[in-house]
Amino acid sequence: MYDEVCEDDFGRLLAYVSVGDREINALMVERGYACVLQIPPNGEDRAAEFDDLEYAAKSGMAGLWGACEEVT
């Protein structure tokens, strides 16, 4: 499913991907295998939802967030 714009300035496709009733974009962030990158005007209505998913993944050291030591 597309949002307001289908491509970014570099020609990359911007879409929400679903398989059945599960949205893959949210699942990847939730499990710690993707980080949030909002490209306006897309995603403004869902930014808080994805930020919350990323925060929970980081806090829980899920996926890639738990694979590496924090750089100080």
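Considering the conditions (1) open to solvent by less than 60 Å² (accessible area, probe 1.4 Å); (2) without any contact (Cβ under 8 Å) to a residue 12 or more places away in the chain, TYR16 is excluded by exactly one of them, (2).
Filter segment 36-55 for residues that are surrounded by 14 or more Cβ atoms within 10 Å (Cβ to Cβ) and not aromatic (Phe, Trp, Tyr); which is nearest to the chain's Cα centre (by Cα)?
Start the filter on segment 36-55 by keeping residues that are surrounded by 14 or more Cβ atoms within 10 Å (Cβ to Cβ), which leaves 36, 39, 42-43, 46, 50, 53-54.
Cutting the leftovers down to not aromatic (Phe, Trp, Tyr) gives us 36, 39, 42-43, 46, 53-54.
Details: VAL36: 4, ILE39: 11, ASN42: 12, GLY43: 10, ARG46: 10, LEU53: 8, GLU54: 7 Å.
If we take residues in segment 36-55 being surrounded by 14 or more Cβ atoms within 10 Å (Cβ to Cβ) and not aromatic (Phe, Trp, Tyr), then VAL36 is nearest to the chain's Cα centre (by Cα).
The values are calculated or read from the model by the stated rules, or taken from the named source; none is laboratory data. The model shown is predicted, which means the values in this text are computed figures rather than measured ones. Every residue, glycine as well, gets a Cβ built from its backbone with ideal geometry; the counts of neighbours run over all protein chains shown. These accessible areas exclude ligands, DNA and RNA; they are computed on the full protein's heavy atoms, side chains included. Shrake-Rupley method; radii C 1.70, N 1.55, O 1.52, S 1.80 Å.
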